[in-house]
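The next block holds one structure in the form of structure tokens; read it before the comments.
The numbers here are math on the coordinates, done by the rules we state, and not lab data. As the structure is a computational prediction, the values presented were derived from the model and not from experiment.
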Amino acid sequence: MKIQELRKQSFLELKNKAKELYRQQFQFRIKAGDGEEVRTHLHREMRRDLARIKTLERELHMKANKGGQA
């Protein structure tokens, strides 16, 4: 997922996307623990997508506070 795509989404959409990624990440760990074959590159993509979303959430929070201390 590209950052430009995420910037077009609202704060609530970002929150929902993050929630879904956390759920997928949990399911991924369960599958890996059970010994199922997992595609490790997807885990890395999920982590990076979550980091992008958190960064955008922080930027939106800072804009809402007009660059003040959070």
In the chain, if every C-alpha pair distance is counted and binned at 5 Å from zero, what percent goes to each bin?
-> 3, 16, 23, 19, 15, 11, 7, 4, 2, 1
In degrees rounded to 10, the 0-90 angle between helix 11-33 Cα long axis and the longest Cα principal axis of the chain is 20
Any aspartates and glutamates whose Cα falls less than 20 Å from that of LYS66, other than same-chain ones fewer than 8 residues away, would be GLU57
